[in-house]
1. For Leu116, what is the net charge nearby, where nearby means another residue's Cβ is under 14 Å from its Cβ and Lys, Arg count +1, Asp, Glu -1?
2. Averaged over every viewing direction, what's the projected area of the C-alpha convex hull for the chain? Give it in nm², one decimal, please.
3. Can you work out the Karplus-derived ³J(HN,Hα) for every residue in the range 53-64? Use 6.51 cos²θ - 1.76 cosθ + 1.60 with θ = phi - 60°, whole Hz, and x for glycine or proline.
4. I'd like the Karplus ³J(HN,Hα) series for the range 42-50: coefficients 6.51, -1.76, 1.60, θ = phi - 60°, whole numbers in Hz, and an x wherever there's a Gly or Pro.
5. Pick out which of Glu147, Glu160, Glu104 has the largest mean-square fluctuation in a Gaussian network model of the chain, springs linking Cα atoms closer than 10 Å.
6. Sorted by mean Cβ packing within 10 Å, highest first, what order do the peptides 2-12, 89-99, 55-65 take?
7. Once amide H atoms are placed 1.01 Å from N in the peptide plane, what residues at a sequence separation of 5 or more from Thr73, or on another chain, have their amide H within under 5 Å of its amide H?
8. According to a simple spin-label model (label point 7 Å from Cα along Cα-to-Cβ), what is the distance in nm between Lys162 and Ser56?
Amino acid sequence: MTTYDQLTEWAGLGHVTRAGQNVVAGWRIPGFMKAQLVEVGIPLAPRLIERVVMQSEAEPVLLTSRGPLYRLTEQTDPDDQAERSSFGVEPETGAVYFVMPDGEAWFANSGVGVWLDVLHHYGSRVTASELLSEPDGPEEYLSDEEEERAFAELNRLAEELKEIDPTAFNGCEGLLWPGLLDRWLY
């Protein structure tokens, strides 16, 4: 299980937000998942999480194709404020979804704890990598050798994330992590 200290090691102090116990107290998710949000927190993650915005309401407010979710984060396209994506957690199950600007919910992880484990692994690998740290950065062409290395890194990262939460890679449609990792390849 990922800890607050592990998250701050790569995300940096001030870049991990812990939930206030009063914020998640009324949420209808398993108690141990509430404790993970309070004790571990949510990191800012490269190109994935810009702001942690945990709702304080007892009823889910993030409207999605799966029904309402509890809002965990928010990311806004700086060029188009209407392009707002979020992470949300499903009532009862605690499954985490990535919500597209149109409300379509993509399965991210089977629970809050594995989501934090995957975010930790993803974030620490991406920030440490010369080739992956800026997937949408300035248009620099990679040499064939760099492209091969990047492809190999992404394949390793995908396999490692799959080991943490196999459910997040079970299929091809509507899953966050395979789609996100593919983004670098094309």
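Taken together, the values in this text are just the output of simple stated rules run on the coordinates, not laboratory data. In this text, all values refer to a predicted model and were calculated from it rather than measured experimentally. When we count neighbours, we look across all protein chains shown, and the Cβ atoms used for this are built from the backbone with ideal geometry, even at glycine.
1. Details: positive: Arg18, Lys34; negative: Asp5, Glu9, Glu39, Asp117, Asp165.
Overall, the nearby charge balance is -3.
2. Numbers: hull surface 42.0 nm².
If I average the Cα hull's projected area over directions, I get 10.5 nm².
3. Computed from phi, the couplings for the range 53-64 are 9, 7, 5, 9, 5, 6, 9, x, 10, 7, 7, 9 Hz.
4. Computed from phi, the couplings for the range 42-50 are 10, x, 6, 10, x, 6, 9, 10, 8 Hz.
5. Glu147
6. Details: 2-12: 16.7, 89-99: 21.7, 55-65: 15.1.
The densest-packed peptide leads the list: 89-99, 2-12, 55-65.
7. Val53, Phe87
8. 4.3 nm
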